[in-house]
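Take a look at the structure below.
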Amino acid sequence: MGNRYFSLLTALGFLLGLTASAMAQRTSEGLIALYDFTSPTGDKVEDHSGLRPAVDLRIADPNRVRRSVGALEVRSPTIIRSERRADRLNQAVRRSGAITVEAWIKPTKLDQAGPARIVTLSKDSSNRNVTLGQDGDKIDGRMRTGETGNNGVPSLPTPARSLTTELTHVVYTRARGGQARLFLGGRKVSEKKVGGPTKNWDVSMGLALANEFGGGRPWIGTYYLVALYDRALTPGEIAANHSAGAGASAAPAVAKRDPSEELFETKVAAILANHCVECHDSVTRKGKLDLSHRNSAFAGGSEGSPITPGHSGDSLLWEIVSSDEMPEDRPPLSDEEKAAL
């Protein structure tokens, strides 16, 4: 299905208003975190995805990095970590079952192992949700599922000698169906099936760059861009992001949202994800209804379109939910959930 959370917003017309400021070819659909390193000073690395709460990062020891506009060079071991738990990121991927971790990096050396943590959503060296790392002259991707366990192994590596110390665009994707891929320089270099659901994702884990929580897995090199999506980008989208380059101008500008959009993000999306999409995604399509994408949602199913834009009270979706006809074979929505919907 791709991205349950964001595509539900898309399906019902509550787009977050993400637009590319200078490089429209970078995709923003499903973006949940973005670090473009535009600030040349300080110990804070801001999340420029525009989503709230922002998952900002702190540099544990600013004396061990060198900052410039659009780049952050890690010169000796430190950690750049989220100030608090990255609940929003973890919950989004746990719902969608899919992820993309993207980074523009320049490794300082090729003898870094562990793997050395480039990007990690984890707790310590043995417990992670996802990690993109360097293992010598290879990139290594690990993801927790019901089949890979707490450490996300067996991992997906790139071929030997595929990584150099040149500026490199690295992307790890895992689709909801389990297909995991690694891309270097906009091209797929390895893939494998990483089966199992993501219901075992630990939502308490934090996001870190350049080291593991607890230390011991430092990465030395330069960051130019890091982005996370709660869907698997297509090869075409990855090629487009590669063509867009590592420049900070690729960051999306975010329009202000009205209160209804805020309500949808914080309340309604979770209701639909928990009660509707299980039967009405692009695979199951019960009643021929697919709510996972905007076009299919408005096209409707065997009973017609479930959404009447601008007239929620006249929408079939509201009619069958308010009457407790749906969700089927499970408890009806609570009064609070109905009020939010």
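Okay, here's what the table says:
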item: Matching residues in segment 98-128 - criterion: being of a type in the set (Ser, Thr, Tyr) and within 15 Å of the chain's Cα centre (by Cα); result: 100, 120, 122
item: Options 42, 50: the member that is open to solvent by less than 40 Å² (accessible area, probe 1.4 Å) and assigned to a loop (DSSP other than H, G, I, E, B); result: 50
item: Neighbours by Cβ (under 9 Å, 6+ apart or cross-chain): first from segment 321-341, under 14 Å from residue 276 (Cβ atoms); second in a helix (DSSP H, G or I) and among the acidic types (Asp, Glu); result: 321/337; 325/319
item: Single match in 328, 319 (criterion: open to solvent by 50 Å² or more (accessible area, probe 1.4 Å), assigned to a helix (DSSP H, G or I), charged (D, E, K, R) and at pLDDT 75 or above); result: 319
item: Residues within segment 89-115 that are among the small types (Gly, Ala, Ser) and closer than 15 Å to residue 34 by Cα, tallied; result: 2
item: Tabulated pairs, segment 62-77, first within 17 Å of residue 226 (Cα to Cα), second charged (D, E, K, R) and assigned to a helix (DSSP H, G or I), C-beta under 9 angstrom, 6+ apart or interchain; result: 74/64
item: Answer residue from segment 215-243, given it is among the polar types (S, T, N, Q) and either within 24 Å of residue 127 (Cβ to Cβ) or outside any strand (DSSP E or B) (or both) and is most open to solvent (accessible area, probe 1.4 Å) among those; result: 243
item: Filtered residues of segment 197-210 (kept if charged (D, E, K, R) and buried (at least 16 other Cβ atoms within 10 Å of the Cβ)); result: 202
item: Residue 140 being free of Cβ contacts under 8 Å to residues at least 40 places away in the same chain, out of contact with any helix residue (DSSP H, G or I) (no Cβ under 7 Å at 6 or more places or on another chain) and acidic (Asp, Glu); result: yes
item: Yes/no for residue 198 being among the polar types (S, T, N, Q) and either closer than 21 Å to residue 61 by Cβ or free of Cβ contacts under 8 Å to residues at least 12 places away in the same chain (or both); result: no
item: Every residue from segment 181-196 that is open to solvent by less than 20 Å² (accessible area, probe 1.4 Å), touching a helix residue (DSSP H, G or I) at 6+ places or on another chain (Cβ under 9 Å) and part of a strand (DSSP E or B); result: 183
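This table checks each residue for (1) open to solvent by 30 Å² or more (accessible area, probe 1.4 Å); (2) touching a helix residue (DSSP H, G or I) at 6+ places or on another chain (Cβ under 7 Å).
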| site | (1), (2) |
| --- | --- |
| 70 | no, yes |
| 78 | no, yes |
| 84 | yes, no |
| 89 | no, no |
| 92 | no, yes |
| 95 | yes, yes |
| 98 | no, no |
| 101 | no, no |
| 111 | yes, no |
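The values are calculated or read from the model by the stated rules, or taken from the named source; none is laboratory data. Note that the coordinates shown come from a computational prediction; the quantities given were computed from them, not determined experimentally. Using ideal geometry, Cβ is built from the backbone for each residue, glycine included, and neighbour counts are taken over all protein chains shown. Ligands, DNA and RNA are excluded from the accessible area calculation, which covers all protein heavy atoms including side chains. Shrake-Rupley method; radii C 1.70, N 1.55, O 1.52, S 1.80 Å.
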